[in-house]
């Protein structure tokens, strides 16, 4: 979550204008509590998996990064029905180390957008349940404060 720079990364979205249909999320954006405070609603959510990827723990961060893993299987959720304004908010929320790209999901022929982590990661996989139990309430409050300043 980018706290020091609030304006959306216009160039990251501009090159994909008109092609942003669904977004595969695999970390904190899977949680309705986080979506509600960021975009003011919970869009349609559908569980999904991405073969060839893993959800990696990031050093000194509560949220993960999606990285290639030949034998990996990343579990996440597809958000659909996002408006252009919601895309801009979510893009502003993502750190500059994320790159917006398309990937293929299991049981789907159409590519889907996701944020790929482009920097170093820890060896451990990130899991949503420990995050939810330990950090979700405080993280959502932090997101709300960030959103108020956007």
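Nothing in this text is a laboratory measurement; each read-out follows from the coordinates by a stated rule. As the structure is a computational prediction, the values presented were derived from the model and not from experiment. Cβ coordinates were reconstructed from backbone atoms using ideal geometry, including for glycine residues, and neighbour counts include every protein chain displayed.
Between residue 61 and residue 138, the modelled label-to-label distance comes to 1.9 nm, taking each label 7 Å out from Cα in the direction of the beta carbon. In terms of surrounding Cβ atoms within a 10 Å radius of their Cβ, 136, 150 rank from fewest to most as 150, 136.
A convex hull fitted to the Cα coordinates of the chain yields 109 cubic angstrom per residue. How much length, in nm to one decimal, is gained on full extension between residue 122 and residue 84, taken as 0.36 nm per residue of separation minus their Cα-Cα distance? Gain on extension, residue 122 to residue 84, equals 10.4 nm. Here r is the Cβ-Cβ distance between residue 101 and residue 145 and R0 is 30 Å; the resulting FRET efficiency, rounded to 0.05, is 0.55.
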